[in-house]
Amino acid sequence: MAFLTSEDILFHFFAAAIVVSALLVVFVSNPIYSALFLALTMSILSIFFFMLHAPFVAVAQLTVYAGAVMVLFIMVVMLFDLKREHEEVVKFSPVMIAKVTSAALLCGFLIGVGWLGVNATQVNAATVLAPQVEAKDLDKSHGIPVMGPVNPDEDLTAAEEANFVDSKDQVKKEAALEKVEIKLPPDEFGSTASLSKKLFSKYVFAFEAVSLLLLVAIVGSVALAKSKGGTHHVSR
Amino acid sequence: MIQQLAPILVLGVVVIGFAVVMLSLTFIAGPTRNPTPEKQIPYECGVIGTDMRTTKFPVKFYLTAILFILFDIEVIFLYPWAIVYIDFLKKGPFIFIEMAVFMVFLTFGLFYVWKGHALDWD
Amino acid sequence: MFGRVTLWIGTKEMGSGLLEFAINALKIVIVFVAIVSTVPLLVWVERRGSAFMQNRLGPNRVGPLGLLQLLADAIKFIFKEEFIPDHADKVLYFMAPGLALLPAALTFAAVPFSSPVTIMGHTINMQIADINVGIIYIFAVASLAVYGVLTAGWSSGNKYSLIGALRACSQMISYEIAMGLSLIGVLIMYQSFSLNDMIASQIGGFNFNWHGVHHAFKYLPAWGIFYQPLSFILFVTCGFAETNRMPFDLPEGEAELVGGYHTEYGGFKFNMFFMGEYGHMITSSALITTLFFGGYALPLISPEQVAAFWIDHGAGLAGPLHLSIADVSSLMTTLTHLAVFGLKTGFWLFFYVWVRWTLPRFRYDQLMDLGWKTLLPWSLVNLALTATVIFFARVS
């Protein structure tokens, strides 16, 4: 038996939304639309962080990425009034070679990751499920181990009940009551207090390093603007 | 954790629905569109506008946005510190010293920006 | 694959069942409608209030005291002609008012406007979403308000709109830093992001521990303003700047850039920008009351005491409504708190209107100087002072 929770529905909806949004970033020709879709992608990413029990990271993502970095991007696009991309004539040039090479590398990377991922899950599934599936079920299912009864309208037999191992183990016990109590992690999981506990004890050097990094960025941006004549002191 | 967010998503849907309904009401109920040239040109206090979008915009908008990002990140780091500060003080003075060091660096950054005339006349 | 599909809709936030989901969805719709209807009321307050401050009468023809004026205006907006300027980006031109309205509505979601009510076994939170990172969620969504402004300015196809939008955007982002920093002192005191926790901390009398000795002032409420007065001043000032209200409304200043980023907008789209602005104002006032003035709770009187009061005096209502005494008490407690919240928020909304028609507008460079060179350093001072005092005196 599988249960479709609202969390699953929301996850799949937002997963589709974020993939579409990210693809549109690349495929629309108007740079403002591109930037706005990227901002949308960042915002949906924050929802994912929320679903992963990381509310502080979700809020930080929304504040910094969607609220600051993307605003900068959009302001830059508006300030420099970038025009739509022109259709480029496909001609043999270094740029063309670079584009093709990077596209090929990306495809290779994706295929490699996918191959590794599929192999890993097959290994896990085989070791976890094999001891629990009886021989007669293997015949019915044509050698592929399945979770739960092969015929979905049947309920589990007593023997299968005892052996049924699911990722949500308590589900089989409470399913009889028609009431599903999905156990959530304890409140402290992913709370900001536990984040702080780690941040200020174990990762304190990283924390101080971040402040130095920010200082470098501040000095660098002012220096960059000055060199381009941005601050009034120079441009007067 | 999504349970905390679900009402907000519902609210988002309600707001978008409201906006769409209101705009379509305007389409339905408004008079027929009659775009005359006088109505269509960009508004410039009654005079005919000059050439658009060739003005060079000042870089200080860009600089403000960059500095905003950096100081916003600083504020983000201050949030988790603030809520555990009183609690962690019981364990010793380190929590105070850590943040003091962090703030010293960033105050120096603010000082540099100020004296470097990056905040002037914006 | 799905042997038995059970649709499970949320736990305590949205209710574990279709009935509770429906109740919560209805609550969301009611709150949204309430906000949308508060906006015309607020505009009425603004127009009549500004009129009296300027020694003239405001709208007083339509309806009693001119209250229906805004309804008439809203209906008029619907019947206006839709036009799209020549150089406008059509898609963004239509999306911008919605983009401006969305963050304004979403920020109000985390604000608790009354105590939870328990009727017939169902507990309904008087808050759209009880997020445990409440206040920083509000700031995060408020920072998204910049998109509505930028999109409007860009898509109008008018270079003055674009300048106005960029200036508004720069102003808003500059004051966001000061706003966040001014809040840190408050967060140190409350030790939680959740607005419900903050209201719970502000119940009772003013008390603190100084070097381990407990001091209490029974007749002073434990409100945030008494713990962090400097933070309060900074936060209110930044609130004015964030919502583009006078004296910070140069980006939309009528005399300067005609309408700034909403010059080219007419009809209901224009109205939606103003709904967004007033929505931000409402959230800002609600935040001021929640952070610094105890939120929906009465000063020095805890919600339990209010509930006990209504148990004693609410018996008369139990019969006609067919509810138990506990339910009636809960309901009346919630209504009492709602009234208190309304009064406090209403005062701050009036304060916004009052300041607008009293102070002259800032020049843009004065505005940016104030944000970066005055409010930001003072917020840092506040933070340093609070942290140091707590460190040396082990205040808690």
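The values are calculated or read from the model by the stated rules, or taken from the named source; none is laboratory data. Everything numeric in this text was worked out from a predicted model, so none of it was measured. In this analysis, Cβ positions are derived from the backbone assuming ideal geometry, glycine residues included, and neighbour counts consider all displayed protein chains.
Does A:VAL77 satisfy the criteria of being in contact with a helix residue (DSSP H, G or I) (Cβ under 7 Å, 6 or more places away or on another chain), within 11 Å of chain C (Cβ to nearest Cβ) and at pLDDT below 90? Walk me through how you get there before you give the answer.
On the way: in contact with a helix residue (DSSP H, G or I) (Cβ under 7 Å, 6 or more places away or on another chain): yes; within 11 Å of chain C (Cβ to nearest Cβ): yes; at pLDDT below 90: yes.
Here the answer is yes, as A:VAL77 does meet what is asked.
Tell me, please, whether a residue that is surrounded by fewer than 22 Cβ atoms within 10 Å (Cβ to Cβ) and either at pLDDT below 85 or away from chain A (no Cβ under 12 Å) (or both) can be found in region C:161-171. Full working, then the answer.
At the first step, the residues of region C:161-171 found to be surrounded by fewer than 22 Cβ atoms within 10 Å (Cβ to Cβ) are C:163.
With the extra rule that they be either at pLDDT below 85 or away from chain A (no Cβ under 12 Å) (or both), the set shrinks to C:163.
Yes, the conditions are met somewhere in region C:161-171.
Conditions (1) more than 20 Å from the chain's Cα centre (by Cα); (2) closer than 28 Å to C:PHE77 by Cβ; (3) at the interface with another protein chain (Cβ under 7 Å from one of its Cβ atoms), marked per residue:
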| residue | (1), (2), (3) |
| --- | --- |
| C:GLY98 | no, yes, yes |
| C:PRO116 | no, no, no |
| C:THR123 | yes, no, no |
| C:SER155 | yes, yes, no |
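Can you give me the number of residues within region B:21-34 that are at pLDDT below 75 and either more than 21 Å from C:ASN271 (Cα to Cα) or surrounded by fewer than 11 Cβ atoms within 10 Å (Cβ to Cβ) (or both)?
3
So how many residues does region C:188-200 have that are more than 18 Å from the chain's Cα centre (by Cα), under 30 Å from C:THR374 (Cα atoms) and outside any loop (DSSP other than H, G, I, E, B)?
Of region C:188-200, the ones more than 18 Å from the chain's Cα centre (by Cα) are C:188-192, C:200.
Remaining after also requiring under 30 Å from C:THR374 (Cα atoms): C:188-192.
Those left that are additionally outside any loop (DSSP other than H, G, I, E, B): C:188-190.
Counting residues in region C:188-200 that are more than 18 Å from the chain's Cα centre (by Cα), under 30 Å from C:THR374 (Cα atoms) and outside any loop (DSSP other than H, G, I, E, B) gives 3.
Keeping to region B:56-66, report how many residues are more than 7 Å from chain A (Cβ to nearest Cβ) and crowded, with 21+ Cβ neighbours inside 10 Å. Give the derivation first.
Here is the first cut: in region B:56-66, the residues more than 7 Å from chain A (Cβ to nearest Cβ) are B:56, B:58, B:64.
Narrowing further to those that are crowded, with 21+ Cβ neighbours inside 10 Å: B:64.
Summing the residues that are more than 7 Å from chain A (Cβ to nearest Cβ) and crowded, with 21+ Cβ neighbours inside 10 Å in region B:56-66 gives 1.
Look through C:ALA104, C:ALA140 and report the one residue that is small (Gly, Ala, Ser), over 30 Å from C:THR333 (Cβ atoms) and buried (at least 23 other Cβ atoms within 10 Å of the Cβ). Outline the logic, then answer.
On the way: C:ALA104 fails: over 30 Å from C:THR333 (Cβ atoms).
Answer to the selection: C:ALA140.
Being in a loop (DSSP other than H, G, I, E, B) and surrounded by fewer than 17 Cβ atoms within 10 Å (Cβ to Cβ) is the filter here, so list the residues in region C:205-239 that pass it.
As a first pass, look at region C:205-239 and keep what is in a loop (DSSP other than H, G, I, E, B): C:211-212, C:222-223, C:228.
Those that are in a loop (DSSP other than H, G, I, E, B) and surrounded by fewer than 17 Cβ atoms within 10 Å (Cβ to Cβ): C:HIS211, C:GLY212.
Can you find a residue in region C:334-344 that is touching a residue at least 40 places away in the same chain (Cβ under 8 Å), surrounded by fewer than 15 Cβ atoms within 10 Å (Cβ to Cβ) and over 30 Å from B:LYS115 (Cα atoms)?
yes
Given the criteria within 14 Å of chain C (Cβ to nearest Cβ) and either at pLDDT below 85 or assigned to a helix (DSSP H, G or I) (or both), does A:GLU7 qualify?
Numbers: within 14 Å of chain C (Cβ to nearest Cβ): yes; either at pLDDT below 85 or assigned to a helix (DSSP H, G or I) (or both): yes.
The answer is yes for A:GLU7.
I need a count of the residues in region C:356-396 that are among the hydrophobic types (A, V, I, L, M, F, W, C) and not in a helix (DSSP H, G or I).
Keep residues of region C:356-396 that are among the hydrophobic types (A, V, I, L, M, F, W, C), which gives C:357, C:359, C:362, C:367-368, C:370, C:372, C:375-376, C:378, C:380-381, C:383-385, C:387, C:389-393, C:395.
Cutting the leftovers down to not in a helix (DSSP H, G or I) gives us C:357, C:359, C:362, C:395.
So the answer is 4.
Which residue is modelled with the highest pLDDT, if the candidates are limited to region B:1-17 and must be within 7 Å of chain C (Cβ to nearest Cβ) and in contact with a Ser or Thr (Cβ under 9 Å, 6 or more places away or on another chain)?
B:ALA6
With (1) free of Cβ contacts under 8 Å to residues at least 60 places away in the same chain; (2) touching a helix residue (DSSP H, G or I) at 6+ places or on another chain (Cβ under 8 Å); (3) among the hydroxyl-bearing types (Ser, Thr, Tyr) as the list, and C:THR374 as the residue in question, which single condition is left unmet?
Result: C:THR374 fails condition (2) only.
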